[in-house]
Amino acid sequence: MAKSRSDRPLRPATLLVRGGQMRSDFDETSEAMYLTSGFVYDSAAQAEATFAGTVQHYQYSRFGNPTVVMLEERIAALEGAEACRATATGMAAVHAAMLSHLKTGDRVVASRALFGSCHWIVSTLLPRYGIATEFVDGADLAQWEAALSKPTALVLLETPSNPMLEIVDMRAVCTLAHKAGAIVVVDNVFATPLLQKPMAFGADVVVYSATKHFDGQGRVLGGAVLGKKKWVEEVLQPFIRNTGPSISPFNAWTILKGLETLHLRVPAMCRSAAAVADMLGERAEVSRVLYPFRDDHPQQKLAMAQMSAGGTLVTFDLKGGKEACFRFMDAMRLIDISNNLGDAKSLATHPATTTHMRVGAEERTRLGITDGTVRLSVGLEDVADIIDDLSEALDAAAPAARAAE
Ligand SMILES: Cc1ncc(COP(=O)(O)O)c(C=O)c1O
């Protein structure tokens with residue numbers, strides 16, 4: 001298999017199109033899809049040598065497949081990480097990153113504002129295996145400092161967070177975590193590697209749901225874990241090899257194709273998201289807009305220090321709670337109601353009744369999620385059409401919003 005001919009350092013847009021490509025003897029233009037579960041050997045001796053590790057040869061797609069390797073190398077090149085392993089979903093990535101590293105008796109500290117399933121792993125799954133866990137308010141450094149005053153094995157955080165777009169000071173938390181003996185795992189789904197590089201702020205491991213912006217067209221599920229070569233090969237790889245959260249070569253190929261346009265899609269979606277946030281901020285029905293780069297975001301300065309743009313998501317509160325939200329969402333004629341994000345299609349979610357229903361009312365209050373909160377993933381449609389649809393839907397919600405005043 002032939003690799004790319006360039007040995008110059010390449011820029012992100014080029015890496016997204018070319019990174020990791022290996023051409024077969026057929027000289028195909030596009031990355032080949034090796035839709036195979038297994039591989040064959042020239043001889044019994046070659047099979048023996050492969051299993052002994054003295055010969056490099058693919059064995060079985062649960063722990064290695066050329067299409068998946070192309071995806072892993074492309075993501076690693078973009079992130080600037082030493083190594084990457086792709087997984088079947090984003091949750092498989094978070095689970096593998098944590099469970100491969102942890103053992104009974106360990107301690108985990110996490111920011112409270114996590115995606116619902118990540119929250120469940122920390123609050124419910126890990127304690128079952130004798131791993132102590134503690135949540136902190138991610139924006140409050142004093143809470144991080146107190147929690148990390150005890151020896152800790154792993155820190156998990158998400159920044160910006162889902163859905164309240166809370167920002168965690170990665171440099172400060174990584175310094176505290178490393179002193180406590182912990183590795184820091186950052187879920188970088190909302191920012192994407194184009195807007196934010198957690199390793200530059202001290203993160204040890206970065207995880208992605210490739211289902212979101214990487215595919216970006218709502219087709220397949222996928223995930224990725226990135227870290228130092230030694231950790232990936234010695235800690236993560238045996239866990240993945242033996243527990244099997246592997247991505248299908250078909251999904252890996254689809255995500256490889258999605259990545260080729262990531263550098264065009266994400267900046268365009270960010271520009272539209274910023275315009276949508278400003279439009280929402282002008283509306284009487286809206287009581288609060290959260291967008292990391294807006295002047296009224298409580299952590300705008302920190303967001304600007306860590307990210308190169310405000311992201312593709314906007315979260316806002318409607319006056320009139322659930323009734324106003326449901327009227328608003330049901331009146332949308334272009335934007336879809338969906339719990340996915342990072343898609344070419346604009347998607348709106350009501351977190352209190354969907355993604356964050358299971359965390360319970362008390363935890364939602366702690367997270368700042370109200371019955372009037374809407375999370376909007378801004379897509380690639382013409383921004384004027386997105387704004388028209390939002391304006392009309394807000395008009396429809398206006399009576400419910402006014403009744404609440
Ligand atoms: C921040 C975040 N992390 C992890 C996940 C899990 O990804 P997946 O659905 O691909 O398992 C999601 C979304 O579902 C998410 O929004």
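The values are calculated or read from the model by the stated rules, or taken from the named source; none is laboratory data. Bear in mind the structure is a predicted one, so any value in this text is a computation, not a measurement. Cβ sites come from the backbone with ideal geometry, for glycine too, and all protein chains shown count toward neighbours. What goes into the accessible areas is simple: the full protein's heavy atoms, side chains included, and nothing from ligands, DNA or RNA. Shrake-Rupley method; radii C 1.70, N 1.55, O 1.52, S 1.80 Å.
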Quick check on the range 277-288. Is at least one of its residues of a type outside the set (Val, Ile, Thr) and assigned to a strand (DSSP E or B)? yes
Would a scan of the range 72-95 turn up a residue that is more than 18 Å from the chain's Cα centre (by Cα), closer than 29 Å to Pro267 by Cα and among the polar types (S, T, N, Q)? no
Test Glu79 against the criterion of being more than 15 Å from the ligand (Cβ to nearest atom) and either in the same structural domain as Asp371 (by TED's automatic domain parsing) or not small (Gly, Ala, Ser) (or both), and give yes or no. yes
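Are any residues in the range 209-229 within 16 Å of the ligand (Cβ to nearest atom) and small (Gly, Ala, Ser), and if so, which ones?
Matches in the range 209-229: Ser209, Ala210, Gly216, Gly218, Gly222, Gly223, Ala224.
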Looking at the range 345-368 only, could you name the residues that are open to solvent by less than 30 Å² (accessible area, probe 1.4 Å) and more than 14 Å from the ligand (Cβ to nearest atom)? Ser346, Ala348, His350, Ala352, Gly360, Glu363, Gly368
Taking helices (runs of 4 or more DSSP H) that fall entirely within the range 302-405, which contain at least 1 residues that are farther than 23 Å from Ser161 by Cβ? 321-331, 383-403
Residues in the range 230-253: is at least one open to solvent by 30 Å² or more (accessible area, probe 1.4 Å), within 14 Å of the ligand (Cβ to nearest atom) and in a helix (DSSP H, G or I)? yes
I'm checking my understanding of the structure. Among residues of the range 195-214 that are free of Cβ contacts under 8 Å to residues at least 60 places away in the same chain and open to solvent by less than 20 Å² (accessible area, probe 1.4 Å), which one is farthest from Phe293 (Cα to Cα)? Ala203
Looking only at the range 160-194, which residues are open to solvent by 20 Å² or more (accessible area, probe 1.4 Å) and away from the ligand (no atom under 13 Å from the Cβ)? Asp169, Arg171, Ala172, Thr175, Leu176, His178, Lys179, Gly181, Ile183, Leu194
Unmet requirement for Pro298, which otherwise passes all of (1) open to solvent by 20 Å² or more (accessible area, probe 1.4 Å); (2) in a loop (DSSP other than H, G, I, E, B); (3) at pLDDT below 95: (3)
